[in-house]
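Reading through the structure tokens given below for one structure.
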Amino acid sequence: MAAIKNLRAAVDLRPDWPVASNNLAQILATCADDQLRDPAAAVRLAQQAQRSSGDEDPSLLETLATAYAAAGRFEQAVETAQRALELAGDKGEQELVDVLNDRLRLFRAGRPYVEGSGAAD
């Protein structure tokens with residue numbers, strides 16, 4: 001997938017750029033293609049993005065929660081998603097609040113989010 005290749009190049013060039021790390025993590029955590037999904041790398045990248053920007057960006061925390069769930073770390077996924085939900089609510093980001101509520105239902109049920117799975121799309 002070209003997006004993965006391009007984002008990897010961007011992360012290699014600018015490892016402190018949270019946008020590239022976050023976008024790559026989101027793809028690696030949620031890709032419908034099992035061969036492209038890489039939960040361990042997604043967690044590392046999402047943690048890197050979150051560290052680069054602090055703990056106040058709910059969209060980066062959503063990616064980290066999604067990566068934790070992809071890696072089977074559902075307790076951490078729920079905790080992180082709840083923190084993201086609180087921040088998104090405080091910032092009035094209703095669309096993200098809706099996404100996070102859907103993700104939380106999946107994570108509490110022990111299920112990761114996968115693009116195109118029909119669950120919480």
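Computed from the coordinates by the stated procedures, all read-outs in this text should not be read as laboratory data. No experiment lies behind these values; they were computed from the predicted model shown. Positions of Cβ are backbone-derived with ideal geometry, glycine not excepted, and every protein chain shown enters the neighbour counts.
Taken over the C-alpha atoms, the chain has Rg and Dmax values of 13.3, 38 angstrom.
Exposure proxy for VAL114, VAL97: other Cβ atoms within 10 Å of each Cβ, ordered fewest to most, give VAL97, VAL114.
With neighbour counts taken as other beta-carbon atoms within 10 Å, the residues PHE74, PHE107 rank, fewest first, as PHE74, PHE107. If you run the Gaussian network model on the chain, springs between alpha carbon atoms under 10 Å, then out of ALA29, ALA71, ALA46 the most flexible one is ALA71. Among PRO58, PRO15, PRO39, the largest mean-square fluctuation in a Gaussian network model of the chain, built with springs joining Cα atoms closer than 10 Å, belongs to PRO15.
Comparing LEU85, LEU61, LEU96 in a Gaussian network model of the chain, where Cα atoms under 10 Å apart are tied by springs, the biggest mean-square fluctuation is seen for LEU96. Positive contributions from Lys and Arg (+1) and negative ones from Asp and Glu (-1), summed over other residues with Cβ under 15 Å from the Cβ of GLU56, come out at -3. Summary of the geometry: segment 44-70 and segment 1-33, compared by the centres of their Cα atoms, lie 13 Å apart.
Counting only DSSP H runs of at least 4 residues, each contributing -39500 (n - 2.57), and dividing by the residue count of the chain, the helix-based mean residue ellipticity at 222 nm comes to -22500 deg cm²/dmol.
Of the residues GLN35, TYR68, ALA81, the one whose Cα sits farthest toward the positive end of the charge dipole of the chain, with +1 on the Cβ of Lys and Arg and -1 on the Cβ of Asp and Glu, is GLN35. The dipole here belongs to segment 2-108: it is taken about the Cα centre, uses +1 on the Cβ of Lys and Arg and -1 on the Cβ of Asp and Glu, and is about 360 debye.
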